[in-house]
Amino acid sequence: MKIFNKSIGTRDLIIISMLMALTIIMERNLSIQTLGIRIGFGFVPVACTAMLYGPVISAVSYALADFIGISLFPTGGGYFPGFTITALLTGAVYGMFLYNRKKSFFNVGIAASIVSIILNIGLNTLWLYILIKDGVIAYIPARIADNLAMIPVQFIIIRFMWYQVFCRLPHSLRASLDLRCER
């Protein structure tokens with residue numbers, strides 16, 4: 001299967017599926033979650049998918065992972081499509097800034113900032129307002145603090161994953177995944 005001049009084979013589908021499963025596990029089971037706040041590391045497999053496969057595949061896989069995750073592990077009021085839209089946009093943003101680009105301070109910092117400030121604080125707060133109306137006002141300060149604190153965490157972990165994990169893979173595997181490790 002070809003998606004935007006990138007051939008996707010069986011191995012790629014398996015890797016994408018495993019990263020989706022990790023996303024579901026890390027977001028639904030390995031995070032601290034209340035109604036308006038989620039602290040966790042579910043962004044790691046999403047960023048890995050974005051670095052390996054680009055914005056389209058990352059966006060679609062994160063949206064699917066969100067839908068599958070809420071179907072398997074329902075929380076709160078059940079499924080709301082707004083959060084899936086945020087997941088889709090999150091995968092796209094990571095892919096636009098991390099795929100086939102230097103993992104520079106600028107690219108990683110901008111991606112983490114857009115995801116945290118515009119998507120998590122902005123859009124997700126809008127979705128919560130649609131769901132629970134005025135009750136969301138009480139969560140806004142904690143949501144802002146949580147997401148601003150996560151920007152440097154995302155920055156450090158994404159750069160670590162790239163330089164200390166992906167770039168240390170055997171050369172044959174890096175070549176088959178089309179990874180170009182630059183400093």
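The values are calculated or read from the model by the stated rules, or taken from the named source; none is laboratory data. Remember, it's a predicted structure, so these values are computed and weren't measured experimentally. Don't worry about glycine lacking a Cβ; one is built from the backbone with ideal geometry, like all the others, and counts go over all protein chains shown. What goes into the accessible areas is simple: the full protein's heavy atoms, side chains included, and nothing from ligands, DNA or RNA. Shrake-Rupley method; radii C 1.70, N 1.55, O 1.52, S 1.80 Å.
Checked across region 79-102, the condition of being surrounded by fewer than 16 Cβ atoms within 10 Å (Cβ to Cβ), in a helix (DSSP H, G or I) and of a type in the set (Phe, Trp, Tyr) holds for no residue. Of the residues making up region 103-118, those that are under 14 Å from the mean Cα position of the chain (by Cα) and open to solvent by less than 10 Å² (accessible area, probe 1.4 Å) are 108, 111, 112, 115, 116.
Across region 6-35, the number of residues qualifying as closer than 19 Å to residue 146 by Cβ, open to solvent by 40 Å² or more (accessible area, probe 1.4 Å) and either part of a helix (DSSP H, G or I) or touching a Cys at 6+ places or on another chain (Cβ under 6 Å) (or both) comes to 1.
Only a single criterion out of (1) without any contact (Cβ under 8 Å) to a residue 60 or more places away in the chain; (2) assigned to a loop (DSSP other than H, G, I, E, B); (3) not aromatic (Phe, Trp, Tyr) is not satisfied by residue 65, namely (2).
Could you go through region 49-59 and let me know if any residue there is part of a loop (DSSP other than H, G, I, E, B), open to solvent by 20 Å² or more (accessible area, probe 1.4 Å) and not basic (Lys, Arg).
no
Scanning region 160-183 for residues that are open to solvent by less than 50 Å² (accessible area, probe 1.4 Å) and part of a helix (DSSP H, G or I) returns 161, 162, 163, 166, 167.
Please find, within region 1-27, the residue that is modelled with the lowest pLDDT out of those that are within 19 Å of residue 175 (Cα to Cα) and among the hydroxyl-bearing types (Ser, Thr, Tyr). Filtering first and then ranking leaves 7. Residues in region 130-168 that are within 21 Å of residue 33 (Cβ to Cβ), within 15 Å of the chain's Cα centre (by Cα) and among the hydrophobic types (A, V, I, L, M, F, W, C): 150, 151, 153, 157.
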